[in-house]
Amino acid sequence: MSPMPAGGSEKSRARAQARRARILEAARKCFSERGFHGASMARIGEEAGMSAGLIYRYFASKAEIILAITSEQRGMRMRAMAEVGSRLELLDRILEKMRDWRVTGGQRGSFDPALFLEVTAEACRDPAIAALVSAQEEENCADMAQVIEREARAAGVSLSREALYRHAVLARCLVEGVILRCVRDPSLDLDQVRIALRTQVLPLEDQVPV
């Protein structure tokens, strides 16, 4: 990643941090609204209120901007998932994020599923983005596995490594499926989705060993 422009004073460093945050927020909005290819550095600069040349002082490419955004989201996700005690609780939180997204449109600090899907789609086309997404997969699986381990401990259930992996994969499929459906169907009744999920996600102690 391009180094942040050096500053000789605390004031100049704070200004650089503020500019970087403004660039990332502008990029989030542009990527979500226009797609990765439709959001040029010039367009991001226009949204951020600065020149494309100035943006290049902070980020060498759009891929670097995506890396910064996803790294920031990774930190927020880790903190949020550390508080989750079960798969159903996690799914409830995802549904609440979808409700929030419908209201806020993915403002900074809230989850933006459209941006999530845009990065996923771009990973199929751009090797740099694909490498970025692939590198995060192991971390995402580990986060999900920790949620399931906490649920298993609370239920007094011992899971093998293979069973833990299967539960983690299924939970991720459910989470990502909910996100996709919410983006594709703005009229989707989230209350009904919640009821449907609760009928399908069995308590770990009721699972049939495979």
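None of the figures in this text is laboratory data; all of them are computed from the coordinates on show. Small disclaimer: the values here were computed from a predicted structure and weren't measured. A quick note on method: Cβ atoms are made from the backbone with ideal geometry, for glycine too, and the neighbour counts reach across all protein chains shown.
I need the shape label for region 69-206. Rule: rounded when a/c is under 1.5, else prolate if a/b > b/c, else oblate, with a, b, c from the alpha carbon gyration tensor.
Since a/c reaches 1.5 but b/c is at least a/b, the shape of region 69-206 is classed as oblate.
Modelled label-to-label distance, Thr199 and Met76, 7 Å Cα→beta-carbon offset: nm?
3.3 nm
Quick one: compute the contact order of region 1-60, relative version, from alpha carbon pairs under 8 angstrom and 6+ residues apart, as a percent.
Numbers: 48 pairs, mean separation 24.8, N = 60.
This gives 41 percent for region 1-60.
Mind telling me which of Met144, Met76, Met98 comes out most flexible in a GNM of the chain, alpha-carbon contacts under 10 Å?
Met76
Which value in deg cm²/dmol, rounded to the nearest 500, describes the helix-derived mean residue ellipticity at 222 nm for the chain, given -39,500 (n - 2.57) per DSSP H run of n ≥ 4 and division by the residue count?
Mean residue ellipticity, 222 nm, calculated: -24500 deg cm²/dmol.
In nm, give the distance between the simple-model label positions of Leu88 and Ala135, each being 7 Å from the Cα along the Cα-to-Cβ direction.
Each label point lies 7 Å from its Cα, and together they span 3.9 nm.
Just to verify a number: FRET efficiency for Asp185 and Ala14, C-beta to C-beta distance, R0 = 35 Å, to 0.05?
0.25
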